[in-house]
């Protein structure tokens, strides 16, 4: 019976699903609120976990100041997933999961230069 169940779990991918759930829970516990809602876990490739964050300030906090702490927490909280490093990038997070990025909300739209739509290097040319 145990062999049959083991094969079924392997074929259906239950082990991967369980490992992913374990990783997500370990991440939530390690990062805490509200940063948990402002991040999204990506794939783990060759031991590198890809994480998308909503804004650059959070990226800097996590990458520069908390990376080693996060790695240790993930290794102990999700032992089924081998993680050697974490790579952060700024990107969109699905609505409802994250708060809006602070710099995007407070920054006014940038005015266009000259209004011609051409780059400054082409202005003096004839053509």
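Within the range 75-84, can one find any residue that is within 14 Å of the chain's Cα centre (by Cα) and free of Cβ contacts under 8 Å to residues at least 60 places away in the same chain? I'd like the intermediate steps shown before the answer.
Here is the first cut: in the range 75-84, the residues within 14 Å of the chain's Cα centre (by Cα) are none.
Looking for residues that are within 14 Å of the chain's Cα centre (by Cα) and free of Cβ contacts under 8 Å to residues at least 60 places away in the same chain, one finds none in the range 75-84, hence no.
Restricting attention to the range 25-40, which residues are free of Cβ contacts under 8 Å to residues at least 24 places away in the same chain, on the phi < 0 side of the Ramachandran plot and either loosely packed, with under 14 Cβ neighbours inside 10 Å or touching a strand residue (DSSP E or B) at 6+ places or on another chain (Cβ under 6 Å) (or both)?
Residue satisfying the conditions is 33 alone.
Give the residues of the range 42-61 that are touching a residue at least 12 places away in the same chain (Cβ under 8 Å) and in contact with a strand residue (DSSP E or B) (Cβ under 6 Å, 6 or more places away or on another chain), sorted by residue number.
Answer for the range 42-61, where residues must be touching a residue at least 12 places away in the same chain (Cβ under 8 Å) and in contact with a strand residue (DSSP E or B) (Cβ under 6 Å, 6 or more places away or on another chain): 48, 49, 50, 51, 52, 53, 56, 59.
Condition test on residue 115, is it in contact with a strand residue (DSSP E or B) (Cβ under 7 Å, 6 or more places away or on another chain), surrounded by fewer than 16 Cβ atoms within 10 Å (Cβ to Cβ) and at pLDDT below 95?
It is false that residue 115 is in contact with a strand residue (DSSP E or B) (Cβ under 7 Å, 6 or more places away or on another chain), surrounded by fewer than 16 Cβ atoms within 10 Å (Cβ to Cβ) and at pLDDT below 95.
The values are calculated or read from the model by the stated rules, or taken from the named source; none is laboratory data. As the structure is a prediction and not an experimental result, all values here were calculated from the model. A quick note on method: Cβ atoms are made from the backbone with ideal geometry, for glycine too, and the neighbour counts reach across all protein chains shown.
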